[in-house]
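Here's the structure, in structure tokens; my notes come after.
The values are calculated or read from the model by the stated rules, or taken from the named source; none is laboratory data. As the structure is a prediction and not an experimental result, all values here were calculated from the model. Please note: Cβ atoms are built from the backbone with ideal geometry, for glycine as well, and neighbour counts cover all protein chains shown. Remember, those area values only see protein heavy atoms, side chains included, never the ligands or the DNA or RNA. Shrake-Rupley method; radii C 1.70, N 1.55, O 1.52, S 1.80 Å.
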Amino acid sequence: MQLLTQTVGVSHFLVVGAVLFIAGVVCMAVKRNALGVLMGIELVLNGANINFVAFGSKFLRSDSAYALGLDGQLISLFVIVLAAAEAAVALAITLNFYNNHSTVDVDRADELKG
Amino acid sequence: MGPVNWHTFFFYLYALVACGFGVAVVISTNIVRMAMYLIVSLGATAGLFFLAGADFVGAMQLMIYVGGTLVLLIFGVMLTAQGPLISLRTSGGDWIVAMLLAGCLGALLIPAGLTVKSWNTGRPDVKEEVAQSGAQAVLVSADQKPPVPTAGDMPDVNEDGIPDKQPITAAPLGLGLLGARVDKLENVPAALRPGMSGYLLPFEVISVHLLVVLVGAAYLARSKRRAGNRS
Amino acid sequence: MAPEASLPLLLGLAWLLPLASFTIIVLFGPKLGKAGIMASYVATGAIIGSFLLSMTAFGIWHIGKLGIRAETAAHAVEGHATDGHDNALAATPGNMHTADEGDHGDAAHGGSGHGDAAPGEHHGTPTSLPKSFTKDWYSLAQFGPLKLSISYYIDSLTILMFSMVTLIASLIHFYAFGYMHDELHPIEDHEVVLSDGHHLHRPGRFYRFFQYLSLFCFSMLGLVIAGNILMVFVFWELVGICSYFLIGFYIERKSASNAANKAFIVNRVGDFGMIIGLMALWGSLGTFAFGDIKNEHGKVERGIFSSVRPPERIIDPSIPQTVTLTGGAVYTGQITAETAESIVIKPVDGEAKTILLSDISSRTVPAGADGGVPATVHEPYALRVPDGMVKSAAMNLITGPDQIEPTPTQVETWRNEKYGYWLLVIAGLGIFCGCIGKSAQFPLHVWLPDAMEGPTPVSALVHSATMVAAGVYLAGRFFPVFTGEVLLIIAYVGAITLFMAATIAITAVDIKRVLAYSTVSQLGYMMLGIGLGGWAAGLFHLVTHAFFKSLLFMCSGSVIHATHTNDMRRMGGLRHKMPWTAYTMLVGVLAIYGAAIPFVVGFSGHYSKDSIIAQALSFWDLNPRHGAILAGLAIAGSGITAFYMFRMWFMTFAGKPRDHHVYEHVHESPPVMYIPLVVLSVFAFAAGFNYSWQPLSVPSLIEQARYPGAAATAPLLDRVIIPEEFVSHEWQFHSQAEIIVWFVALGGLALAVAFYGLQLLNADEAKKQFAPFYKVLWNKYYFDELYAAIFVKPVMFVAKLIANFDRWFIDGIIHRLAAGAKQIAVLDDAIDRYFVDGLVNLVAAWTWSIGNSLRRLQTGSLRQYVMLIVIGTVALTLLVRWSVAAGN
């Protein structure tokens, strides 16, 4: 319960961001479904976004002069936009792949196997 | 034990939801369920954004990310989830390797996050106000004197009395995108001034990027005469 | 031009003309005319040119001699039997009778008014012709006192030899033009069978024959004109090699090439002895020249002849002499010093006194113990061991460091003790060894019968008249140098040769073999004559033999050309079909037989053989034991000669033809072949005549070249006395010789007529009855087998040994080295293939396997790529963090 009385600092957000990041990486590495991989990507980006926002928040640190301020939020906006764009393109690729191979199993996409 | 810092409580709530459902995404085998879990996880992330004071970003997260990108993802899932493709299992060996990797990354990142001592706690004077009013944005007029801070130095209060507590970030964000950084007009230390420019260029680049993506995605996903043939 | 200059010029040109012809033919042979026929014209032209030049020299000589004759006829000449002999010698030096003391001035330098004084000098009237001319033409080299030069020695013997050689050579060139006509076309040689069973076909070699003939003429004439013994040796060898070329003319025939080798090698064996003689002469005398030659300083250098037979009377300086001056003073004492102007006389009872030579009226030597001339007085031209030889032999007697040169008295003493005599004997024997080889005497006679493998013109020119005669010529030239021992050995060798060869000729059936053995036998006669002291007799026989033997050979060649066989058993009755050949050959046979009406007229061979027999008889008179053997052999030999010569003639030309096939195809030879036969037969008949009213006869020419001095004695042997030649002209010996030879030869003729002429006795029965003798004679006394066993087989054995050593050991080493190199090469290859290539291949394999394994990274699996990205990121982060931490 002592946990709940203390204020939350940047570190807490960083930890959350790291957990999401790790989950996303594992999801990318483990999932055979291409859409599962995409979900992993989304998780990764979100973890990164949390970090940015945490760094840009004045409320989370004691010396707020060193917060990124709006920069953190701006960057995370850009990240969101890019994530959307990339998700769209990736989805298009996946659908194309599905149309051609009738499967979204990424293990089947091994024509570049050496 | 003192009064519950509701900021902290909600933080932990959203954090657990986000991390839990994120882990659930990893563990789940059903693609549809994965999509659901992801939505919830990202929603919780938006809550975290709000808690961090990035209200606009949080809103955008909900609108664009959850409402747009993930819906798109759901479309994709729906389109492709046929029969055996719904749950594709990976082998145990891959799981072990992935867990190892996760362990390594975790060992790397989580301690890294905790290294800076000054980050372990947040702003001391904010906690009561935040605890009382939750994560609501407080609209403060320009000529209203800010509450006098009780403890420590409050470097984010300018001479005009304009409080630094401007939970509404949309307008400054927009102006920042256009090149005017109104949030850093006077208080910028001389050492930090370089780099405090606007984000007009990235804004434009992003726009073009989106356009390109639009066109590309439309092309890539166009319907083909002969479905099933390699293009 | 004085004869002194013209004779060398003429004879030198005559000598060099065949060399020019040789050079032209050697350079342009095949291109001269069609198939080289012009080569014969060139060669014949050259030799006829030489003949004409020789004749011109002959004429000049006789004009000179005629001038002398007119002059000396006015002077009193000691009388000798003028039985056709011309004795142009004014003095009577060196006879065995004691010379009275008034004679010592005759042969000494002061002899004026006499036409022929000492050789090499001429003084007195301008028309006098000296005995000989000798001078250096060209000096090749000088090593200290030894001078090597091209020089000439011209006397009447030289001119006679030149004329004879060029005449016979010219006739033979004509003859050869006809005989060798076949060589103008390609020839199929029936005596050569190739490995595939066919006869040899080859192009003709007409021009080459004349090339060799020209070279031979040049060599022979060079030998005759040579003025020093080294030049003789050089041309000796040249003649030998020309003989080699000519005998081996049909070079593809094994028999011919073997015969050529045999001739040359056997000659070389004799030349080995000749070189020893040359070394003995040079080592002790220091000169090679025959006669005295005035060198560039005007000093006369003594040659070999005058070193061995000094022309002056030499008196042992230790005996006292009596000197009478023009003023009447008389001094008796030892002559201690003598110069060109004065002498120093030391009387026994006074001091030495110098007397000018111009003041001396006479010098006498007191009588010896027996009342005669003391032995320490050397008569002029007597054989005397030269100072050089005495000093060489007595080297160990020179004592003391202060004495380098022995005094004349010491030298005289040593000479009296016979020091150096053996050296003179060795020198003479060495030179004679060369003659043994060249003139085919026993034991080196084996090459001459085999030399008949050459074409018949070769046999006629080289092996009957000229080359083989060169040995006799040299023996005659060197006669003054031979001591009595050497002469006796010469006589024995000659006698053995003549008898042995004559007996072998009885059984020969090849017409050329008969003539070859006959040549060997007659050469033995010549050597016998010289050895017995009959120098002029031997040389006379040389000249007559040249004519009739070349005639005989050419006739036999004509027969061979017509019948295409040498075998007399297939001939017979040929005189009906070949009259010219038959009757010219008969002339030759009569010449060698010595047919004559005794004391009246005879063929040339009669005179020469008789002079030898007469000399043998006079020798027998003085030396009972040696003479019995030698003269007996000579007389027996003449009988055997008669037998086998007429046997040959009867078998060939008389009786019934034994082979009808041969008889059918026989025809007379063309005129170009039988005209020389006719010419030669004239000479074979008339060459021996001599007339007292003109000096143009052979014997007189020979006599003019006689070196003054008696024939040598043989002090080392048991009182052998070699008689003077003029003794043999005395009626006693001359008549005995004529009668004995006439009868003995007639006996031989009778036997030949009985066996072969009239077929009264059967030759085959006689053969069976005397089977062992016949076998020995048929196998030529087994000389060839003996030499093969003694010389040829050991050499071949050693050669095979060495060849095997070379093949097994040395070649073995080489092969093993090669095998070793091969092994090294194999090893190298292995290293290269397995190690180096292996290395390279290994690297390639590694690269491939690394690549192959790295390929497995490309799994194509997205998820693994992701994991790898993460791993990379982690690693990078750690790296950066640690490096930053380390930097801090």
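Which whole number gives the average, over all residues in C:875-885, of C-beta atoms from other chains lying within 10 Å of the residue C-beta?
1
For the protein assembly as shown, the per residue solvent-accessible surface stands at 45 Å², with DNA, RNA and ligands left out and a 1.4 Å probe. Here r is the Cβ-Cβ distance between B:F75 and C:A844 and R0 is 60 Å; the resulting FRET efficiency, rounded to 0.05, is 0.65. Counting helices only, and only those DSSP H runs with n ≥ 4, report the 222 nm mean residue ellipticity of chain C as the sum of -39,500 (n - 2.57) divided by its residues, in deg cm²/dmol to the nearest 500. Rounded to the nearest 500, the figure is -19000 deg cm²/dmol.
For C:K418, a cut-off of 18 angstrom between C-alpha atoms picks up these lysines, skipping any fewer than 8 places away in its own chain: C:K391. For the residues C:T44, C:T23, a 1.4 Å probe over the protein chains yields an accessible-area ranking, largest first, of C:T23, C:T44. Trypsin sites (Lys or Arg not before Pro), restricted to the stretch A:55-114: which are DSSP loop and have at most 13 other Cβ atoms within 10 Å? The qualifying sites are A:K113. Using only side-chain charges placed at the Cβ, +1 for Lys and Arg and -1 for Asp and Glu, the dipole size of the stretch A:10-105 relative to its Cα centre rounds to 140 debye.
Lys/Arg Cβ at +1, Asp/Glu Cβ at -1, dipole of chain A taken about the Cα centre: which of A:L60, A:G24, A:V104 is farthest positive-ward? Highest projection toward the positive end goes to A:L60.
Hydrodynamic analysis of chain C uses the Kirkwood radius over alpha carbon pairs. Inserted into Stokes-Einstein at 10 °C and 1.306 mPa s, it gives a translational diffusion coefficient of 50 µm²/s. From the alpha carbon centroid of the stretch C:833-888 to that of the stretch B:1-24 is 43 Å.
The calculated FRET efficiency for C:H185 paired with C:E668, based on their beta-carbon distance and R0 = 30 Å, is about 0.85. Within straight-line reach of C:K65, meaning a Cα separation under 26 Å, sit the following lysines at least 8 residues removed in sequence or on another chain: C:K131, C:K135, C:K294. Surface composition of the protein assembly as shown: carbon plus sulfur atoms contribute 67% of the solvent-accessible area (1.4 Å probe, protein chains only, all chains present). Ranking C:V792, C:A737, C:L13 by how far each Cα lies toward the positive end of the dipole of chain C (charges on Cβ) leaves C:V792 at the top.
Note on the protein assembly as shown: percent of Cα-Cα distances in each 20 Å bin, starting at 0 and stopping at the bin with the largest distance, equals 9, 26, 15, 6, 3, 5, 12, 16, 8, 1. Work out which residues of the stretch C:820-863 lose at minimum 50 square angstrom of accessible surface when the other protein chains are put back, relative to the chain isolated, with a 1.4 angstrom probe, and list them by number. The answer is C:G860, C:L862, C:R863.
Note the angle between two axes, namely the Cα long axis of helix C:467-477 and the longest principal axis of the Cα atoms of chain C, as a number of degrees from 0 to 90, rounded to the nearest 10. Between the helix axis and the principal axis of chain C, the angle is about 50 degrees.
Rounded to the nearest 10 square angstrom, C:T326 shows an accessible area of 100 square angstrom against a 1.4 Å probe. Under 21 Å of direct C-alpha separation, and excluding same-chain neighbours fewer than eight residues apart, C:K609 reaches these lysines: C:K549. The stretch between C:F797 and C:I63 holds 258.0 nm of extra length on full extension. This uses 0.36 nm per residue minus the Cα-Cα distance. Counting Cβ atoms of other protein chains within 10 Å of each Cβ in A:101-113 and taking the mean gives 5. Rolled with a 1.4 Å probe across the full set of protein chains, the surface gives C:H734 an accessible area near 50 Å².
Relative to one another, the C-alpha centroids of the stretch C:467-482 and the stretch C:153-199 are positioned 25 Å apart. Placing pseudo-labels 7 Å out from each Cα toward the beta carbon at C:T565 and A:E111 gives an inter-label distance of 11.0 nm. Accessible surface buried by the A/B pair amounts to about 8000 Å², both sides summed, 1.4 Å probe.
In this structure, C:K34 and C:N261 have a Cβ-Cβ separation that, at R0 = 51 Å, corresponds to a calculated FRET efficiency of about 0.90. Note on C:H815 and B:I110: their simple-model spin labels are 9.0 nm apart, each label 7 Å out from Cα toward Cβ. For the stretch C:256-319, trypsin sites (Lys or Arg not before Pro) meeting the loop criterion (DSSP other than H, G, I, E, B) and having at most 11 other Cβ atoms within 10 Å: C:K299. Rg then Dmax, both in Å and based on the Cα atoms of the stretch C:483-778: 19.6, 64. Summing Cβ point charges (Lys, Arg +1; Asp, Glu -1) relative to the Cα centre of the stretch C:784-857 gives a dipole of roughly 460 debye. Full extension of the chain segment joining C:F599 with C:S358 gains 81.4 nm, where the gain is 0.36 nm per residue of separation less the Cα-Cα distance. Among the listed pairs C:K31/C:K147; C:K512/C:K793; C:K31/C:K254, those with a Cα-Cα distance over 32 Å are C:K31/C:K147.
The mean number of Cβ atoms from other chains found within 10 Å of a Cβ in peptide B:202-210 is 3, as a whole number. Net charge dipole, chain C: roughly 4080 debye, given to the nearest 20, about the Cα centre with Cβ charges of +1 for Lys and Arg and -1 for Asp and Glu.
Accessible area ranking (1.4 Å probe, heavy atoms, ligands and nucleic acids excluded), largest first, for C:S195, C:S518: C:S195, C:S518.
Take the Cα of C:K418, step 7 Å toward its Cβ, do the same at C:D828, and the gap between the two points is 7.6 nm. Summed over all non-identical Cα pairs, the Kirkwood treatment of the stretch C:784-857 gives a radius of 17.6 Å. Think of the protein assembly as shown as having a plus end and a minus end, set by charges on the Cβ of Lys, Arg, Asp and Glu; of C:I275, B:I39, C:L223, B:I39 sits farthest toward the positive end of this dipole.
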